[in-house]
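Asker: One structure, pasted below without further comment.
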Amino acid sequence: MATDPTTDLQSSVASATPDQGADDSAENGPSDVSWRTIATPEREVMGEEPMQVRRVVAQLVLGIVLVLVAVTVGGSLAARKLAEREAVNDAVNLTDVFAETVIRPALTDQLAAGQPAARKTFDNLVHAHVLGPSVTHVKLWTPGGKVVYADESGLVGRTFHLDEDQTDALEKSETRADISHLDRDENTLDGKAGDKLVEVYRPVYTDSGKKLLFEIYAPYEQVGQRTSQLWRGFAGVTLSSLLLFLLLITPLFWHLMSRVRRNQRQRELLLQRSVDASSNERRLIAASLHDGPVQDLAATSFVVAGATARAKAAGQHWLVDELQTVAGSVRASIRALRSLLVDIYPASLAQAGLGAALGDLVQSVRAPGLEVRLHHDDEAELGLTPEQERLVYRVAQETLRNAAKHAVPCTASVTLYRVGDEVVLDVLDDGNGFDVDAQLADPEPGHFGLQLLANAAATGGALLQVASVPRRGTHWRLRVPQAAATHPNPTPPEPEDTPDD
């Protein structure tokens, strides 16, 4: 790339030859001079990407799919929760029926005491009237946690710790129910029925008033069946509503899409017309200045020159001095107007190309003690668009103006070349330099040069950097991405000297 600004800026202007091995990161040189990024490419500033109907439709379809997935998952969870609640309520009602009609009339003190004969009679009753498709297990507990009866005989006589639900059911004489995951010690044998069961507790009493805890387990399969029923009804209503909604919004969607496309085309057309109108207006102003005031001043210059000659012949030396002063002022005004014409509308940029426009710019930037050198690659090798050429010209113009105003006496170098997929503009001078950090943090009142350059580069999708320190010169670098063409030999030759005078 171009001469690294971490080296001596003054010596770099002497050669102004880009060094392809330099490191743009500015990490290999002294720490007191480094790149400062003034602007980065802002693609969004250049305008939003044109709307593509296919992309919008794909996004809409993706959104519909995500909504369907969310509705399906949410509906399934809601249906399962509702089915579990209904299964628990059904199990509670079933338990109350069995407790009042079958279990309580058969309870005896002998069964509560654990007598085998009473337990055998009760077991026959349970298998005949309780166990079945709706009930998979039955237990009877004492308040102390001892199992006095279970359809799984291996649990009879064992004592377990009663959990909070079991204790509350006994103490408050109410029915408690929940979904059991069969992870307690008492469920080691119940787990054969599956990983989940509906578990219900309620107190029952013997004829003598002894309290026992009656427990049943209902199968969880009924929850799955009820879930399927609820989900089918929910899905039918939901999907039909979504389909109806899609049918209703489809015409509106296509209408809005067509309007957006029309508005987009109109906006592009208006923008192009605005750019063309601005260019035409600048051309008209430049033509008016050239054909009017510039020509009048040139004629005045000839008249003053003639008057000077006559005054000199007549020996009117005092008049000769005044006329020479007037002639100098007229010539200065002509030069200023011609420079202004180049600024307003650089005709060579559109007619002869960027190289010729930069040559005119170098010739037009004048200041005592300023010498400017120019080198640029062939325009065909650069491959810049007209917009990018205008950006390069504007940055070169503004940086040279800064050098002429703040850095003289100095030698400046303007180099434009391609490196890979980028076109690089380097503008260096060995003048006074400036404190970049201080200027960025607290710009002088009324000085907007840095901000204008930053806005122009960012809007043009380019990277603008500067390296400068007081009394060591300034190095500006503009990097314009251009992937359309590549340079076979990215190292430019030595620049030719093009003095400004």
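Asker: Exactly one of these conditions fails for residue 402: (1) open to solvent by 20 Å² or more (accessible area, probe 1.4 Å); (2) more than 26 Å from residue 367 (Cβ to Cβ); (3) not aromatic (Phe, Trp, Tyr). Give me its number.
Answerer: All conditions are met except number (2).
Asker: Could you count how many residues in the range 361-380 are open to solvent by 70 Å² or more (accessible area, probe 1.4 Å), touching a residue at least 40 places away in the same chain (Cβ under 8 Å) and acidic (Asp, Glu)?
Answerer: Here the count works out to 0.
Asker: Also, I was wondering about something else. Identify, from the list 249, 216, the residue that is modelled with pLDDT of 85 or more and closer than 30 Å to residue 79 by Cα.
Answerer: The conditions single out 216.
Asker: Residue by residue through the range 410-426, note down the ones that are open to solvent by 10 Å² or more (accessible area, probe 1.4 Å) and within 35 Å of the chain's Cα centre (by Cα).
Answerer: Answer for the range 410-426, where residues must be open to solvent by 10 Å² or more (accessible area, probe 1.4 Å) and within 35 Å of the chain's Cα centre (by Cα): 419, 420, 421, 422.
Asker: How many residues are in contact (Cβ under 8 Å) with a residue 12 or more places away in the chain, of a type in the set (A, V, I, L, M, F, W, C) and closer than 19 Å to residue 209 by Cα when one looks only at the range 117-162?
Answerer: 5
Asker: (1) in a helix (DSSP H, G or I); (2) surrounded by fewer than 14 Cβ atoms within 10 Å (Cβ to Cβ); (3) touching a strand residue (DSSP E or B) at 6+ places or on another chain (Cβ under 8 Å); (4) among the small types (Gly, Ala, Ser): which one isn't true of residue 157, the others all being true?
Answerer: (1)
Asker: From the list 349, 354, which one is open to solvent by less than 40 Å² (accessible area, probe 1.4 Å) and modelled with pLDDT under 80?
Answerer: 349
Asker: Just to be sure I understand the filter: pairs with C-beta atoms under 9 Å, separated by 6 or more residues or on different chains, first member in the range 237-262 and outside any helix (DSSP H, G or I), second member among the hydrophobic types (A, V, I, L, M, F, W, C). Which pairs pass?
Answerer: From residues that are outside any helix (DSSP H, G or I), there are no pairs.
Asker: Would it be correct to say that residue 122 is modelled with pLDDT under 90 and either crowded, with 19+ Cβ neighbours inside 10 Å or on the phi < 0 side of the Ramachandran plot (or both)?
Answerer: Here the answer is no, as residue 122 does not meet what is asked.
Asker: Within 30 Å of residue 276 (Cα to Cα), modelled with pLDDT of 85 or more, open to solvent by less than 10 Å² (accessible area, probe 1.4 Å) and in contact with a strand residue (DSSP E or B) (Cβ under 8 Å, 6 or more places away or on another chain) - does that describe any residue in the range 448-457?
Answerer: no
Asker: Still on this model: Given the criterion without any contact (Cβ under 8 Å) to a residue 60 or more places away in the chain and at positive phi, identify the matching residue among 74, 114.
Answerer: Among 74, 114, only 114 is without any contact (Cβ under 8 Å) to a residue 60 or more places away in the chain and at positive phi.
Asker: Restricting attention to the range 305-333, which residues are among the hydrophobic types (A, V, I, L, M, F, W, C) and either open to solvent by 40 Å² or more (accessible area, probe 1.4 Å) or under 60 Å from the mean Cα position of the chain (by Cα) (or both)? Break it down stepwise before answering.
Answerer: Start the filter on the range 305-333 by keeping residues that are among the hydrophobic types (A, V, I, L, M, F, W, C), which leaves 305, 307, 309, 311, 313-314, 318-320, 323, 326-327, 330, 332.
Scanning the range 305-333 gives 305, 309, 313, 314, 318, 319, 326, 330, 332.
Asker: Something else now. Against the condition open to solvent by less than 80 Å² (accessible area, probe 1.4 Å) and at pLDDT below 80, how does residue 258 come out, does it pass?
Answerer: Here the answer is no, as residue 258 does not meet what is asked.
Asker: A further question on this structure: List the helices (runs of 4 or more DSSP H) that sit entirely inside the range 371-461 and contain at least 2 residues that are within 22 Å of residue 36 (Cα to Cα). Let's see the steps before the verdict.
Answerer: On the way: elements: 379-382, 386-402, 436-441, 449-459.
So the answer is 386-402, 436-441, 449-459.
The values are calculated or read from the model by the stated rules, or taken from the named source; none is laboratory data. For clarity, every value in this text was computed on a predicted model and none was experimentally measured. When we count neighbours, we look across all protein chains shown, and the Cβ atoms used for this are built from the backbone with ideal geometry, even at glycine. Note: areas computed on protein heavy atoms with side chains; ligands, DNA, RNA excluded. Shrake-Rupley method; radii C 1.70, N 1.55, O 1.52, S 1.80 Å.
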